[in-house]
Amino acid sequence: MMRKLRELAELVGGTVIGDGEVEISGAGAIDEARPGEITFVASPKYYGKLNETRASAVIVSKEVSQAGKPLLCVANPYLAFAKILSVLFQQPYQPRGVDPLASVSPAAQLGKEVTLYPFVYVGDRCRIGDRVVLHPGVCIGDDCSIGEESILFPNVSVYPGTVIGKRAILHSGVVVGSDGFGYVKDGRKSVKIPQVGTVEIEDDVEIGANTTIDRATLGKTLIRRGVKIDNLVQVAHNVVIGEDSVIVAQVGIAGSARIGSNVTLAGQAGVADHAEIGDNVMVGGQSGVMNKLAADAAYSGTPAIPHREYLRVANVWQKLPEVKKTLLELENRLARIEAAISSGKEK
Amino acid sequence: MMRKLRELAELVGGTVIGDGEVEISGAGAIDEARPGEITFVASPKYYGKLNETRASAVIVSKEVSQAGKPLLCVANPYLAFAKILSVLFQQPYQPRGVDPLASVSPAAQLGKEVTLYPFVYVGDRCRIGDRVVLHPGVCIGDDCSIGEESILFPNVSVYPGTVIGKRAILHSGVVVGSDGFGYVKDGRKSVKIPQVGTVEIEDDVEIGANTTIDRATLGKTLIRRGVKIDNLVQVAHNVVIGEDSVIVAQVGIAGSARIGSNVTLAGQAGVADHAEIGDNVMVGGQSGVMNKLAADAAYSGTPAIPHREYLRVANVWQKLPEVKKTLLELENRLARIEAAISSGKEK
Amino acid sequence: MMRKLRELAELVGGTVIGDGEVEISGAGAIDEARPGEITFVASPKYYGKLNETRASAVIVSKEVSQAGKPLLCVANPYLAFAKILSVLFQQPYQPRGVDPLASVSPAAQLGKEVTLYPFVYVGDRCRIGDRVVLHPGVCIGDDCSIGEESILFPNVSVYPGTVIGKRAILHSGVVVGSDGFGYVKDGRKSVKIPQVGTVEIEDDVEIGANTTIDRATLGKTLIRRGVKIDNLVQVAHNVVIGEDSVIVAQVGIAGSARIGSNVTLAGQAGVADHAEIGDNVMVGGQSGVMNKLAADAAYSGTPAIPHREYLRVANVWQKLPEVKKTLLELENRLARIEAAISSGKEK
């Protein structure tokens, strides 16, 4: 959707330096943007590219005041760019209704202006909110609730009794509400512990492709408002993830772990069962969280330790063969001294 | 389904202390259970909660003999709780037959009282056992066999020629029988090695959401009786997993690895191709198994070493910067002594 | 399909020693092959099995010149075996057309001799090439292009605008084109950065079950010709993977990483965002690639270091408790010497 630069400036609360009438129809990275597109520079180290880019306008921070082309000055260029992208690429929602090849229980309740593609299954007593979009192959078990304007991409599976809030985005292959992995050994045999709890996903949550979120044994697995989860993440039974936390791809969170709010877990990190992570914590990629991590700090490694310590540990780790060699040398030098002293005494 | 406490006691072979006529209609964790529900205490450290819980009865081990409410005494409280949960929450199976929107080959053979939901595909010459439930979006390729009372949750994909035993539970998004990852390099190009083997899953196996089990190159990938696999696990071609083994989420098992019986692989562990893990082994989370692990022991770390050693290694690992510092100090002290001795000799 | 040994020899450019007229109808591993089947021996350490196998013929390298049965001598026995497997097990393609239970946009363009199974969805303006096979539950969003002879197994999800080349194989549950994981923080809230780029997959790519490949933020995520990706791999937005590279199961590649050509990433390895891996690099299992890896070398560990160094590091790592003990001993011995010298001086 084409916009004038000054319109975009109003939208993001920025100011234009240069021609506010220039028309913007798209956006691109600084090296790839073409005439008619807007780009952004978030870091001073790229200021040199301001005069090279073919973009018709550049979003910059307030410290930049001139360039050979129109500028849009804002406090946070990347944030402004995200908002402008939304406007430029947004497509007005056009409900498609319920496809004849969808299978919807007569006992389900559908909101206004929904879109149910072919091969969608909706079970008994489900409540599907206004303007919800269910793509092909989505399966919603009995007694689920999906909040308004949520989008479930193809082949998402939602088990019975799941509650999903408003404006949720579930990418393809997501599974919500599968049985938690709970057994008790009777001799060698594993006796299944019925997983009779549920999953609740609050508003404004996005979940990446093929991520799995298990239902609770008892009670509920809880994903709080604004949480963003990447692809192929495992969230086990009875886990709680606090508001606005960010879980990167292939992270695994074991049963009953408590993740605070505004936490970031980087890719492939693992969190042990019953572990507790405080608010505002950052955990590095591939780290292993065993017990408790205090709030407001960064951690890395397995077992996870404060990130700065980890960097020093990792540094020595790389030099372990050297450490060993030095140790041997010291031992030899020491043995020589001991021999010298001993022979001195003998004399 | 409501039960009297004495009925539940009979079911699990326990004894009631107090009123056996109390009626139980649900179950909950000790902190959350409400009146009318039963709970359990598995560990002495929670005995203090016996008098706080609002539950109407508590399952305890035989060493507990009194509390302010009815008790159910058993050898293994958690096991008894699992069995009681099954009874309280079981729903009688009601077959739904074959939905008109399912696509079943006329050359397939369906057992009695099956349930095939909409958008289920069953290929040629499949044999689907009695009371099997195939949820929406399940696809069964040609020449498969699914044993009686197995449940395949939404969007499970089973490739041709797969054999699945009785009472199997396959959660949403599971893939069984996909091609093993086998290529041989012809110069730089990867020539595909046709994967012409199969997968066989024995009775009483449960497989978690989005787990993948590849077919064998030749012969078969084999998941033995009673194996339990969590979500997002990778089982490569020609792997064998022994009876009653437990594979936790995001574990990866590479080609031709042999896992013994009653083994536990904790979350995110990796097993290299052709590795061999003996019976009753436990492997810690995120560990890497390279070759062989002898039976009846616990291992951790990458490469995996005996778990007790690993704990000591991890302990020193965290102190590596200190180790380095100590090493430097020793070096300096040694240099001073050497200098002293050397100057002594010169005198 | 039955073949004479001499026909197979022609096919792979090998020579027969012994009876070229023997008929081969199948293939097996050396321990399992039965009469009528062919097997292979790739390594001298298995030459002893040449006389034990029940196979009717054995593929061997040119240095083997006699055995008690017909031999097929070639430069690369494993490669020849792969090619022979293809011939013996190939089934002539029989197009099934478009199933009445498939949902295909009238605005889509289908090639010749396609197979669209039930419950396939094809969106507007898609171009589906000749002899493409779309298995049940495959969903192709609007404006996609699938090259000729590609096979998409059950429940694959392809988001709008994706381009897939010729002879691609996408296994069940693969997701291509899901939104990249891009947010910018506005205070604590995560503002979604619209992911308006695409994914392009070139010719002869195979992608394993439940692997996810995200669309680019801007521009495209690019999987080049001949790349082979295993199961449960995460490929983030704007990643580029070079020709003929091989990505093993559960690898995670973060945003904008550049993987060279002919690279091998072993299982569960992680690659950080914006990392760069040169051509012909091998990265060990569970390794963590942080920044740049120079071409033509092998690396392991987290952070990844040259593989040979890693082996030495891992060796000392296992002995860390010993290192610590030695360090304490040295300290004690040193203290004794210092005390001796000090008391000597005092005298």
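Helices in the protein assembly as shown, meaning DSSP H runs of at least 4 residues, each add -39500 (n - 2.57). Divided by all residues, the mean residue ellipticity at 222 nm is -5500 deg cm²/dmol. Compute the signed sum of charges (Lys and Arg +1, Asp and Glu -1) over the other residues within less than 13 Å, Cβ to Cβ, of A:T115. Neighbour charge sum, excluding A:T115 itself: -2.
Counting charges near C:D179 (Lys, Arg +1; Asp, Glu -1) among other residues having Cβ under 9 Å from its Cβ returns a value of 0. Per the Cα gyration tensor, the protein assembly as shown maps to an equivalent ellipsoid with semi-axes of 45, 38, 38 Å, ordered largest to smallest.
Distances, shortest first, from the label point of A:E331 to those at the same position in the other copies read 1.8, 1.8 nm; the point lies 7 Å along Cα to C-beta. Segment B:93-224: percent of C-alpha pairs farther apart than 22 Å? Pairs farther apart than 22 Å: 33 percent. With 31 Å as the limit on Cα-Cα distance, the pairs of B:K45/B:K228; A:K292/B:K45; B:K185/B:K228; A:K189/B:K192; A:K324/B:K189; B:K185/C:K45 that go past it are B:K185/B:K228; A:K189/B:K192; A:K324/B:K189.
When the square roots of the Cα gyration tensor eigenvalues are ordered a ≥ b ≥ c, the ratio a/c for segment B:3-89 is under 1.5, which makes its shape rounded. In a reduced charge model with +1 at each Lys and Arg Cβ and -1 at each Asp and Glu Cβ, chain B shows a dipole moment near 1040 debye about its Cα centre. Here segment A:89-123 and segment B:72-150 have alpha carbon centers that stand 27 Å from each other.
Relative contact order, percent, of chain B when contacts are C-alpha pairs under 8 Å separated by at least 6 residues?
6
For segment C:68-161, the spread of Cα coordinates along the three principal axes comes to 62, 25, 22 Å, biggest extent given first. Check the straight Cα-Cα distances from B:K49 and name the aspartates and glutamates below 19 Å, setting aside those fewer than 8 residues away within the same chain. List returned: B:D31, B:E32, B:E37, B:E63. Annotation: amide H of B:S178 within the under-5 Å range of B:Y159, B:I213, B:R215, sequence separation 5 or more or interchain, hydrogens built in the peptide plane. Under the membrane-span-like helix rule (DSSP H runs whose alpha carbons stretch at least 20 Å along the helix axis, mean Kyte-Doolittle hydropathy -1.0 or higher), chain A yields A:320-346. Close amide H partners of A:S103, meaning residues 5 or more places away or on another chain with modelled amide H under 5 Å apart, are A:F119, A:V120, A:Y121, A:V122. Measuring from a point 7 Å out along Cα→Cβ, what nm distances, shortest first, does B:M290 have to its partners in the other copies? Output for B:M290: 2.2, 2.2 nm, nearest copy listed first. The distance linking segment A:242-277 with segment C:193-267 is 25 Å (Cα centroid to Cα centroid, whole angstrom). What is the log10 of I(q)/I(0) for chain B, computed with the Debye formula using one identical point scatterer on each Cα and no solvent, at q = 0.12, 0.13, 0.14 Å⁻¹? Values returned for q = 0.12, 0.13, 0.14 Å⁻¹ are -1.01, -1.09, -1.15. Sorted from nearest, the other copies put their C:P306 label points 3.5, 3.5 nm away, the label point being 7 Å from Cα in the direction of Cβ. For segment B:202-291, taking the reciprocal of the average inverse distance between every pair of different Cα atoms yields a Kirkwood hydrodynamic radius of 12.3 Å. If the reach is capped at under 24 angstrom between alpha carbons, list the lysines near B:K112, excluding any in the same chain fewer than eight residues apart. Partners found: B:K166. Neighbour counts of other Cβ atoms within 10 Å put A:F181, C:F153 in the fewest-to-most order C:F153, A:F181.
For the peptides C:81-91, A:169-179, the ranking by packing is A:169-179, C:81-91, with the highest mean count of neighbouring Cβ atoms within 10 Å listed first. Applying the Karplus relation 6.51 cos²θ - 1.76 cosθ + 1.60 with θ = phi - 60° to segment C:286-295 yields 3J(HN,Hα) values of 6, 6, x, 8, 9, 10, 10, 10, 5, 5 Hz, where x marks Gly and Pro. Tell me, what ³J(HN,Hα) does each residue in segment B:52-69 have, in order and in whole Hz, if you take phi through Karplus 6.51 cos²θ - 1.76 cosθ + 1.60 with θ = phi - 60° and put x for Gly and Pro? So the Karplus estimates, Gly and Pro as x, are 8, 4, 8, 4, 7, 7, 10, 7, 9, 7, 5, 6, 8, 10, 7, 6, x, 8 Hz.
Coordinate-derived values only; no laboratory data. Since this is a predicted model, take the numbers as computed values, not measurements. Counting neighbours? That spans all protein chains shown, and the Cβs are built from the backbone with ideal geometry, glycine included.
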